[in-house]
Amino acid sequence: MNSKEIREKYLAFFKARHHSVIPSASLIPENDSTLLFVNSGMFPLVPYLLGAKHPAGNCLVNSQKSFRSEDIDEVGDNRHNTFFEMLGNWSLGSDSVLESDVYWKGEQLNWWYEFLIDELKLDPKRLYQTVYIGSEDGTIPHDTESIEIMLQLFAKYGLDVDQAPDFGSEGPVEDLELGKSKYHIFAYRNKNWWQRGDAVGELGGPDSETFYDTGKIHDEKFGKYCHPNCDCGRFIEIGNSVFMQYQKTASGWQELKNKNVDFGGGLERLCMVTQEKANIFQTDLFNEAILKIEELSGKKYEEDNKSFEIIADHLKAATFIMGDEKGIAPSNTDQGYIVRRLIRRALRFAKVIGITAEDWTKNLAQIYINFYQEIYPELKKNQAFVIEQLSKEEKKFITTLEKGEKEFTKYLMVGVGGKSVFDGEKILPGEVIFNLYASFGYPIEMIEEIAKEKGLSLDVAGYEDKMIEHKNLSRTASAGKFKGGLADHSEETTKLHTASHLLLAALRQILGPEVSQRGSNITAERLRFDFPYSSKMTEEQIKQVEDLVNEAIDKKLPVHCEEMSLDKAREIGATGVFDSKYGDQVKVYFIGHEGDYFSKEICGGPHVENTAELHHFKIIKEESSSSGIRRIRASLD
């Protein structure tokens, strides 16, 4: 069964069970500046999981394009991708009783196993399920409901199974012999609890993951006993049913009356187990690309599977990001930086396996475009752009390598007479290795190769220390950059950020207090502000909002900040972005005079001290961003 058949079967299966098939969203988040890429099927549906009504109804199914940059370094282990398709189905607002259009745990788990066993013909003896063990403080109970459902399900398919002891006490998991074990249900705590964030109002709940036993022999370096969440690679997760059952309140987690089912299963992994392959790169999703890499390199996949997998995965991901409806070109910032990193890492590993042809990356891109063009026609539409960008990036990388070689030589030899910078120690310092890698994009594998030729050893520990330091700084910078959608903390960006507070307050006055921020993106030149509203704003409404903001500017209102508890902030009527991850203490920015504040908003970004600094506010455009979401673009003169 090929990938197209599996995808179509899944969509048809749930369509027959009163689900509406919805299209994949763009890989580039529409209304959230805190995330570079859509990383799950659930992400585009967050507003509806939080209570908004979806135009297609309460039961939905799709295959969502997804990308996870955090998995870049994991690629090469036979089961991780950066780009993948997430098959998903949802029930929005279940009250635990199967009605005409909502469902809960029993329906979800039964349907999922029907699909796996009856449709995909997987052997039930190789399926394992994990469930939630319950919270440490006992406030959220063990998910016995899912356990009972799973026991009945396994019995339905002819398996006499038991629940294993809650994992953590080791238990008799040594009995997990392929196809013979009675233990097919395991309970965990952290692994089987899902929540969006820590803020009051966030949703959470137990999840139940499905694993497939590949038959791989357990390696005891990962522990004496094997189990579904073991890192040895024997078990591979193929699906996760999240039951959004609780909401966080000031006093803790409270059970919801209307609950959500959120399921996600990776198409790549389902193809792997259905097609009985040892890893995802042997499936039809990658087969043609792997053959092309073999042709280009003159090597076989088995000779260096890691290099092959990185090349195949990274160029596929880059093709999808550049070929997206909002196609992103390689650059040194934001999403473009990730695209550049993917392409250059693929080029690095291409050199490792001996690919010397020029302008070869377009060959793999064309394979992916042809393979997916019926499902994702935007790839074919943007084909010329993808090919052009790959060609440019290949040429730039060659230049980068040349610069790196010159810099490497400078590090090796200095001064007249060829005096070595290492004073005969023959060790390349970790800082030098890191600078070659980070500043010049010089592949670490090539640094090792040249160092060996020069009779040098590498200060690997020093390099790793610098790399950890760099990653920590990058992580901090990234978190700061995308919090609130600010491009930077420059003077002009700060002014526009403050203006966005005035804009929200004015919108609430003119359109109604239900208006909230659904995303923003602010640079030194302009602000972009998204908010939920059911219709296009009239010219009169736009002018009224603009006038209100300029009145607040002309009044030279003071801006000050107070730190308080989240409960206090809500009590005084402060507004806040609907999906921000607030802590226990928050900063509230007040604009105006005590007793007559124009704006009170929870925020952690930079602000001016007085609205007089903003001069004059102008709305450039008001438009639709997506269904039920309006977007304003504005600037300051």
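If the condition is being assigned to a loop (DSSP other than H, G, I, E, B) and among the small types (G, A, S), then the range 507-544 contributes G512, S516, A524, S534, S535. For the range 491-544, give me the residue count where each residue is farther than 26 Å from K53 by Cβ, surrounded by 15 or more Cβ atoms within 10 Å (Cβ to Cβ) and among the charged types (D, E, K, R). The total comes to 3. Scanning the range 603-628 for residues that are small (G, A, S), under 24 Å from Q541 (Cα atoms) and touching a strand residue (DSSP E or B) at 6+ places or on another chain (Cβ under 8 Å) yields S624, S625, G628. Residue pairs whose Cβ atoms lie under 8 Å apart, separated by 6 or more positions or on different chains, with the first residue in the range 35-47 and assigned by TED's automatic domain parsing to the domain that holds G93 and the second acidic (D, E) and surrounded by fewer than 19 Cβ atoms within 10 Å (Cβ to Cβ), are L36/D334; P44/E30.
Results for (1) out of contact with any Lys or Arg (no Cβ under 8 Å at 6 or more places or on another chain); (2) among the acidic types (D, E); (3) modelled with pLDDT of 95 or more; (4) closer than 27 Å to L159 by Cα, shown as yes or no for each residue.
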{"residue": "E85", "(1), (2), (3), (4)": "no, yes, yes, no"}
{"residue": "K105", "(1), (2), (3), (4)": "yes, no, yes, yes"}
{"residue": "F115", "(1), (2), (3), (4)": "no, no, yes, yes"}
{"residue": "L120", "(1), (2), (3), (4)": "no, no, yes, yes"}
{"residue": "I133", "(1), (2), (3), (4)": "no, no, no, yes"}
{"residue": "G138", "(1), (2), (3), (4)": "yes, no, no, no"}
{"residue": "H142", "(1), (2), (3), (4)": "yes, no, no, yes"}
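The sole residue among K292, K277, K306, K299 that is under 30 Å from L120 (Cβ atoms) and not in a helix (DSSP H, G or I) is K277.
Is there a residue being of a type outside the set (A, V, I, L, M, F, W, C), part of a loop (DSSP other than H, G, I, E, B) and buried (at least 23 other Cβ atoms within 10 Å of the Cβ) anywhere in the range 75-83?
Looking through the range 75-83, at least one residue is of a type outside the set (A, V, I, L, M, F, W, C), part of a loop (DSSP other than H, G, I, E, B) and buried (at least 23 other Cβ atoms within 10 Å of the Cβ).
Does F154 fit the bill of being assigned to a strand (DSSP E or B), of a type in the set (A, V, I, L, M, F, W, C) and modelled with pLDDT of 85 or more? Judged against the criteria, F154 is not a match.
Among the candidates K452, K483, the residue that is within 30 Å of V352 (Cα to Cα), part of a helix (DSSP H, G or I), among the basic types (K, R) and modelled with pLDDT under 80 is uniquely K452. Exactly one residue out of A25, A52 is part of a loop (DSSP other than H, G, I, E, B), over 14 Å from the mean Cα position of the chain (by Cα) and either modelled with pLDDT under 95 or in the same structural domain as R345 (by TED's automatic domain parsing) (or both), and it is A52. Scanning the range 369-392 for residues that are of a type in the set (D, E, K, R) and more than 24 Å from the chain's Cα centre (by Cα) yields E374, K380, K381, E388, K392. In the range 518-543, the residues that are on the phi < 0 side of the Ramachandran plot and of a type in the set (G, A, S) form Cβ pairs under 9 Å with partners that are surrounded by fewer than 17 Cβ atoms within 10 Å (Cβ to Cβ) and in a helix (DSSP H, G or I), at six or more places apart or across chains, as follows: A524/E491; A524/E492.
Being at pLDDT below 90 and under 22 Å from the mean Cα position of the chain (by Cα) holds for only one residue in D219, D231, D175, and it is D231. In the set L50, L45, L35, only one residue is buried (at least 20 other Cβ atoms within 10 Å of the Cβ) and of a type outside the set (S, T, N, Q); that residue is L45.
Each row is one residue, and each column tells you yes or no for (1) surrounded by fewer than 20 Cβ atoms within 10 Å (Cβ to Cβ); (2) modelled with pLDDT under 95; (3) touching a Lys or Arg at 6+ places or on another chain (Cβ under 9 Å).
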| residue | (1), (2), (3) |
| --- | --- |
| E546 | yes, no, yes |
| A552 | no, no, no |
| L557 | no, no, no |
| M564 | yes, yes, yes |
| E571 | yes, yes, no |
| S580 | yes, yes, yes |
| I591 | no, no, yes |
| T611 | no, no, yes |
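For the range 306-344, the set of residues classified as acidic (D, E), surrounded by fewer than 24 Cβ atoms within 10 Å (Cβ to Cβ) and in contact with a Ser or Thr (Cβ under 7 Å, 6 or more places away or on another chain) consists of D324, E325, listed by residue number.
Each row is one residue, and each column tells you yes or no for (1) assigned by TED's automatic domain parsing to the domain that holds G76; (2) closer than 24 Å to S24 by Cβ; (3) more than 24 Å from the chain's Cα centre (by Cα).
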| site | (1), (2), (3) |
| --- | --- |
| Y337 | no, yes, no |
| R344 | no, no, no |
| A365 | no, yes, no |
| E394 | no, no, yes |
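For beta carbons closer than 8 Å, sequence separation of 6+ or different chains, a first residue in the range 118-136 that is outside the structural domain of G239 (by TED's automatic domain parsing) and within 19 Å of E237 (Cβ to Cβ) and a second that is at pLDDT 95 or above and of a type in the set (A, V, I, L, M, F, W, C), there are no qualifying pairs.
Scanning the range 614-625 for residues that are of a type outside the set (A, V, I, L, M) and buried (at least 17 other Cβ atoms within 10 Å of the Cβ) yields F617, E622, S625. The set of residues from the range 55-70 being buried (at least 20 other Cβ atoms within 10 Å of the Cβ) and within 22 Å of the chain's Cα centre (by Cα) comprises L60, V61, N62, S63, Q64, K65, S66, F67.
The values are calculated or read from the model by the stated rules, or taken from the named source; none is laboratory data. What you are looking at is a predicted structure, and each value in this text was computed from that prediction instead of being measured. A quick note on method: Cβ atoms are made from the backbone with ideal geometry, for glycine too, and the neighbour counts reach across all protein chains shown.
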